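Asks: Structure in structure tokens, see below.
What follows draws every value from the coordinates through simple rules; no lab data is involved. Since the model is a prediction, treat every value here as computed from it, not as a measurement. Reconstructed Cβ throughout: ideal geometry from the backbone, glycine too, with neighbour counts over all protein chains shown.
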Amino acid sequence: MFFPLPSCILQPVQHESHSFWYSFRKRLVRNSGAVFGLIIIAVACATGAMAYYIAPDHSPDANRIILEISGKKPGLTMQFLLLPKEKKVNQAGWFDRLMNGQEDSFIYLPVQSWQIKKDSIIVEKYVDDGITERQGYLLNNIQAVSHDLVVQKTFWLGTDKFGRDIVSRLIIGVRVSLAVGLIAVVISLTIGITLGLVAGYFGGTPDKVIMWFINVVWSIPTLLLVFAITLALGKGFLQVFIAVGLTLWVNVARVIRTQVFSIRELQYIEAAKALGYTNARIIIRHVLPNVLGPVMVIAASNFASAIVIEAGLSFLGVGVQPPQPSWGLMIKENYNFIITHNPLLAIAPGICIMILVLAFNLLGNGLRDALDVRGKL
């Protein structure tokens, strides 16, 4: 008589799995570095999601150019006369502004002082330090569009060489870093997990072919490979994501392959084969869930690597293209100020890159320690 195999042979016992994930969360929360990294990443994600509502400059790409105040030091406070634009600017909806910002309806004219005389407003337009120009505008033309004649703004980190607010561009730029990290990780995990599972599970010729391909890609310097892919796909936002993602899958494939080599010999895999399960079902339902732990650690590391690579590409001019803000591009545009009067223009985006990369590395280390079953509960 045939007796079906107990379900516990085909997969780990449920209460043991539950106990493992409970212990994993407990160890992760007790790791102060990982918690710090999670907080930084959560703040960065929230900032990126609501960037155009948080940034002082809510124009698309934070690209409000005011040449008169270019290259100013942090803490600049300036008054601006709001002059209506000749063409009418449509107001963006809530979601449209969330995604793309709201185009300015006014021209921001920097002024040192102003006074109203009869039907006109007389201003001393700011041209440069110690230089002003006296100008007059009819009130009817201004008040018909805006209730505010003059507004005061503070540029906490100063302005770049085009007179754009550094704080706003840093806030909008976090979107690029998080997006390139996310998409690059998704691409690298998809390719790496697929090839690693096939090589580790089937072995033989598939393993030799995949390992040959991995070794070829591994032998090419990462930055050189990114350059080649970027030149083939062209410069641009999406091209950078794809190029970075196509260079980070090798580590994933090697780790997954090694893990699958040990898992495929376990009893519950042999039992699944004996029951006639297809290879696809065994790989997806019984092998893949047991190799996701190391993948989480690699994903955090790849996220940090993608941010650094994107910043390097943008700095070299083959990444994100202006006027779209990118932390690497901001360093390129302002690195000349490092040896002049305003080094913070280039240092600020560098610090942002450092903090975000550190957060992902700390999270990766925390995940590694939490997934170590030999660690203390």
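Asks: On a 0 to 90 degree scale, rounded to 10, what angle separates helix 292-316 from the longest Cα axis of the chain?
Replies: Roughly 30 degrees between the two axes.
Asks: Please list, short to long, the whole-number percent of alpha-carbon pairs of the range 154-285 in consecutive 5 angstrom bins beginning at zero.
Replies: Result, from short to long distances: 2, 10, 14, 15, 13, 12, 10, 8, 6, 4, 3, 2, 1, 1, 0 percent.
Asks: If each of I107 and A274 carries a label point 7 Å out from its Cα toward its Cβ, how far apart are those two points in nm?
Replies: 8.4
Asks: Now a separate question. Based only on other Cβ atoms within 10 Å, what is the fewest-to-most ordering of E333, E133?
Replies: E133, E333
Asks: Next question. Along the charge dipole of the chain, which of L81, V43, F360 sits closest to the positive end, that is, farthest toward it, with unit charges on the beta carbon of Lys, Arg, Asp and Glu (+1, +1, -1, -1)?
Replies: Value computed over the given set: F360.
Asks: For K125, list the lysines whose Cα falls under 22 Å from its own Cα; do not include residues on the same chain fewer than 8 positions away.
Replies: Correct list for K125: K72, K73, K85, K117, K153, K161.
Asks: Using a simple spin-label model with points 7 Å from Cα along the Cα→Cβ vector, what separation in nm is obtained for N100 and L83?
Replies: 2.7
Asks: For a quick protection proxy, order the peptides 44-51, 148-155, 324-331, 344-351 by their average other-Cβ count within 10 Å, most packed first.
Replies: 324-331, 344-351, 44-51, 148-155
Asks: With the dipole of the chain worked out from charges on the C-beta (+1 for Lys and Arg, -1 for Asp and Glu) around the Cα centre, which of G93, T247, V123 lies farthest toward the positive end?
Replies: Checking the options against the dipole of the chain, the answer is T247.
Asks: Once label points are set 7 Å from the Cα along Cα→Cβ at both C45 and D148, what is their separation, rounded to one decimal in nm?
Replies: If labels sit at C45 and D148, their model points lie 3.3 nm apart.
Asks: Still on this model: Sort 285-296, 168-179 by the packing proxy (mean of other Cβ within 10 Å over each peptide's residues), most packed first.
Replies: Highest mean packing first, the order is 168-179, 285-296.
Asks: Sticking with this one: Using unit Cβ charges (K, R positive; D, E negative) and no other charged atoms, how large, in debye to the nearest 20, is the dipole of the chain about its Cα centre?
Replies: Dipole about the Cα centre, nearest 20: 780 debye.
Asks: Which net charge results when you count Lys and Arg as +1 and Asp and Glu as -1 among the other residues whose beta-carbon is under 12 Å from that of E68?
Replies: Local charge sum for E68: -1.
Asks: By its C-alpha gyration tensor, with a ≥ b ≥ c as the square roots of the eigenvalues, how is the range 120-209 shaped: rounded for a/c under 1.5, else prolate for a/b larger than b/c, else oblate?
Replies: Prolate.
Asks: Using +1 at the C-beta of Lys and Arg and -1 at the C-beta of Asp and Glu, which of A271, V320, I298 has the Cα lying farthest in the positive direction of the dipole of the range 268-377?
Replies: A271
Asks: Return the aspartates and glutamates within reach of K208: Cα separation strictly under 20 angstrom, same-chain partners fewer than 8 residues apart disregarded; answer none if there are no such residues.
Replies: Counting by Cα, and skipping residues close in sequence, K208 has these aspartates and glutamates nearby: E265.
Asks: Still on this model: Dividing the convex hull volume of the Cα atoms of the range 64-161 by its residue count, what figure in Å³ per residue is obtained?
Replies: Convex hull volume per residue, Cα atoms: 118 Å³.
Asks: How big is the chain by the Kirkwood estimate over distinct Cα pairs, in Å?
Replies: About 24.4 Å, per the Kirkwood formula over Cα pairs.
Asks: About the Cα centre of the range 64-161, what is the dipole size in debye to 20, counting +1 per Lys and Arg Cβ and -1 per Asp and Glu Cβ, all else neutral?
Replies: Its charge dipole is roughly 60 debye.
Asks: If the cut-off is a Cα-Cα distance under 18 Å, which aspartates and glutamates reach K118, setting aside same-chain residues fewer than 8 apart in sequence?
Replies: Leaving aside aspartates and glutamates fewer than 8 places away in the same chain, those within reach of K118 are D148.
Asks: Shifting gears a bit: Which value, in debye to the nearest 20, describes the size of the charge dipole of the range 109-195 about its Cα centre when Lys and Arg Cβ atoms bear +1, Asp and Glu Cβ atoms bear -1, and nothing else is charged?
Replies: Dipole of the range 109-195, to the nearest 20 debye: 140 debye.
Asks: Kindly state, to the nearest 0.05, the FRET efficiency for I338 paired with E133, given R0 = 30 Å and r defined as their beta-carbon distance.
Replies: Approximately 0.40, to the nearest 0.05.
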